1. Would you mind stating whether R254 is under 17 Å from V137 (Cβ atoms), among the basic types (K, R) and either assigned to a loop (DSSP other than H, G, I, E, B) or in contact (Cβ under 8 Å) with a residue 60 or more places away in the chain (or both)?
2. Only residues that are part of a loop (DSSP other than H, G, I, E, B) and more than 17 Å from D625 (Cα to Cα): list them for segment 229-242, please.
3. Only residues that are more than 25 Å from R223 (Cα to Cα) and either buried (at least 22 other Cβ atoms within 10 Å of the Cβ) or among the charged types (D, E, K, R) (or both): list them for segment 239-272, please.
4. Would it be correct to say that Y246 is assigned by TED's automatic domain parsing to the domain that holds R126, touching a residue at least 60 places away in the same chain (Cβ under 8 Å) and among the hydroxyl-bearing types (S, T, Y)?
5. The conditions are (1) closer than 22 Å to E619 by Cα; (2) in contact with a Lys or Arg (Cβ under 7 Å, 6 or more places away or on another chain), and P563 fails exactly one of them. Which is it?
6. Just checking, does segment 431-450 include any residue being among the hydroxyl-bearing types (S, T, Y) and farther than 27 Å from S421 by Cα?
7. Given the residues V183, V156, V146, V212, which is the only one that is modelled with pLDDT of 95 or more and of a type in the set (A, V, I, L, M)?
Amino acid sequence: MEVSRSHTPPSDVESAAKKPRLDDGVADVAAVAAESSSSAHAIPNSNGEPPKAAAPAASSKATRRALRVARQRERERKILPEACSSEDVLWHDVLDVVGKEYADAQIEAGTEFDTPFSYRDQVKVRVKSLGMGGVGVGIVEEDEGVVGNGASEQDVDMEHQSKIARRKHWAVLVPFALPGELVLVRVYRSHRLHSMADFLEILEPASPLPEVNTHTPSPSLTRNDDLVRCRYFTKCGGCQFQMVPYDEQLAWKRSSIVRSYQRFSGLDMAGWDGSNAGPSLPRVAETIGSPLQYGYRTKLTPHFDKPPSTAKKTVALEQAQRQANLQPGPDAADTAEQDPDEVLVPSFLKIGFNAQGSKNVMDIEECSIATPVINEGMTTLRKMVARNILNYKKGASLLLRDSLEGTSDESKHICVTEPNSTITERVGPMLFTYPASSFFQNNNAVLPELVGYVKDAIFPPTAPDSQRPTHLVDAYCGSGLFAISLAPHFSVVSGIELSSASIASARKNADLNRTHRIPGSDPATPPIPASTSITFASGTAHTIFTSVTDFPRSQTALIIDPPRKGCDENFLQQLVKFGAGTVVYVSCNVVTQARDIGWVLGRDVGEEGEGKRRRYEVESLRGFDLFPQTAHVEGVAVLRLQDVVE
């Protein structure tokens, strides 16, 4: 039985919010593996025994709750993940390894949750592929038994033999493992036809593997642990690839774009593997790398949990112990080196990010992919929290953003920690200001090249001057990054955004860049010339194009940069009806980008009854690496409007 799901874009109700984007570090697919415990199938206890039957409910309220949980779990057994969600991406990674026919048969039989593992089983896994979240996906090697908590020889029975057989068709997800490696892992959670496991050690280095069930050539990945710069790597869940050479990271991200279109676009993929032009898509160009592979991230949001009920007592005891250690004694020379003014960090306080495969906060003093200013600010902020920890009644998320100190001094950077403060960033010749709590791309180093690439895509050198776009529409414009950066090249620019706060920032930035002078440039030439008309308007998903109905379609370029969930169908219908001559789709989630572009390519463009038929074609497709050392990639697709040849 095949359970079918629609790959059409979601309704506008589902896409009303601009955020969240790829914003705060942890890879989204990896996060599914770490945070899906609420929907995970029950797994035997740590002794390898099946879960015991629940005791009779103490009250009718408890009984009702138990029934609700049971019904929810039963629904989860029958329903596959929502199309194009993080769970769906992970499910496709699993299918590549276990095989679709086998998966369909298990779903038909209702046995897709019958895990062959017990909690904390240690098994040897051969990694077959690297999932799109950067997690290794493998299978227990044939005839390979449990290393740790499995059944003893005396306990081997038919049930155990059945579990051994199921392991050959059961995917195991292992972070930090690369294709071809044989690794020792410890299982901690199971779900539909797959289990999540902790990486323990490498038993054999990578060896050549046959392609798994995919049409995408997988680039080879080489492990080099000498490349790792972070002391928390493999413990923190923020990075996946610090042990992989950077050129190989870029090649893998290109293959990730290819897989996204193969799986989720619904387009004709005959003979297309991304290295060539196919019936629906062009060759996928090489991924553009970031000038900085470390120290690039301009925003971090570490967090900490609610202090325990014993917090006050613990702080008092540890303060007393510290004072006792500062008293002169036989080791007075050592004691004298201790700073009595140093802030005491209670033993229960962990400030950082979730540990890999867990919801527990891991204490992190520095982040290797954050800018130096962010790391300096984190040291100060950690001391402030420790000093005032007893005043916190709940846990909290902290904010650190790298900002220029002002528009007049462009060399000094400061760390901003107040959400209501204003951030100032320079992208090429332009300055941008926005509230610290709002969205802005977190890798400033690569933004000038991204903006330049979008400009060159809109104005190809081979196009005659008569076909050069004169009008620009920047949908999902945010604080105006593309609209303002590209304004000098257009006569009329309109930025459209659902968030009124972002529109206010965009208007301020437009005014700022009409008067701001680039250091060393001609004072008579501001970044945005007076001849360019630039406006910003807020709109809903239903009315987002109403303010630009008078734009000449053939001379209009449209840029869309939506949130991770992509565009809803209502927006795409308006996009097709509007019919801009050029569309540039920038996306932090190539899965939903592939889905949306697949929807657009199958529609006639413009108003009904216009005469000749026109449709969009994808002219170019490539990635930009805004987040080195992670599995994330920013996709940029360029669409041109073409006449349909009957």
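The values are calculated or read from the model by the stated rules, or taken from the named source; none is laboratory data. Since we're looking at a predicted model, the values are computed, not measured. With ideal geometry, Cβ positions are generated from the backbone for all residues, glycine too; neighbour counts draw on all protein chains shown.
1. Working: under 17 Å from V137 (Cβ atoms): no; among the basic types (K, R): yes; either assigned to a loop (DSSP other than H, G, I, E, B) or in contact (Cβ under 8 Å) with a residue 60 or more places away in the chain (or both): yes.
Criteria not met by R254.
2. Keep residues of segment 229-242 that are part of a loop (DSSP other than H, G, I, E, B), which gives 229-232, 234-235, 237-242.
Matches in segment 229-242: R229, C230, R231, Y232, T234, K235, G237.
3. The initial filter retains those residues of segment 239-272 that are more than 25 Å from R223 (Cα to Cα), namely 261-272.
Residues satisfying the conditions are Y261, R263, F264, S265, D268, W272.
4. Working: assigned by TED's automatic domain parsing to the domain that holds R126: no; touching a residue at least 60 places away in the same chain (Cβ under 8 Å): yes; among the hydroxyl-bearing types (S, T, Y): yes.
When the stated conditions are applied, Y246 does not pass them.
5. (1)
6. Our first condition is that a residue be among the hydroxyl-bearing types (S, T, Y); within segment 431-450, this holds for 433-434, 437-438.
Now restrict to residues that are farther than 27 Å from S421 by Cα: none.
Checking segment 431-450: not a single residue is among the hydroxyl-bearing types (S, T, Y) and farther than 27 Å from S421 by Cα.
7. Values: V156 fails: modelled with pLDDT of 95 or more; V146 fails: modelled with pLDDT of 95 or more; V212 fails: modelled with pLDDT of 95 or more.
Result: V183 is the single residue among V183, V156, V146, V212 that is modelled with pLDDT of 95 or more and of a type in the set (A, V, I, L, M).
Residues are listed down the side, and each one gets a yes or a no for (1) acidic (D, E); (2) in a helix (DSSP H, G or I); (3) under 19 Å from the mean Cα position of the chain (by Cα):
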| residue | (1), (2), (3) |
| --- | --- |
| V244 | no, no, yes |
| R263 | no, yes, yes |
| A277 | no, no, no |
| L281 | no, no, no |
| E286 | yes, no, no |
| K306 | no, no, no |
| Q319 | no, yes, no |
| R322 | no, yes, no |
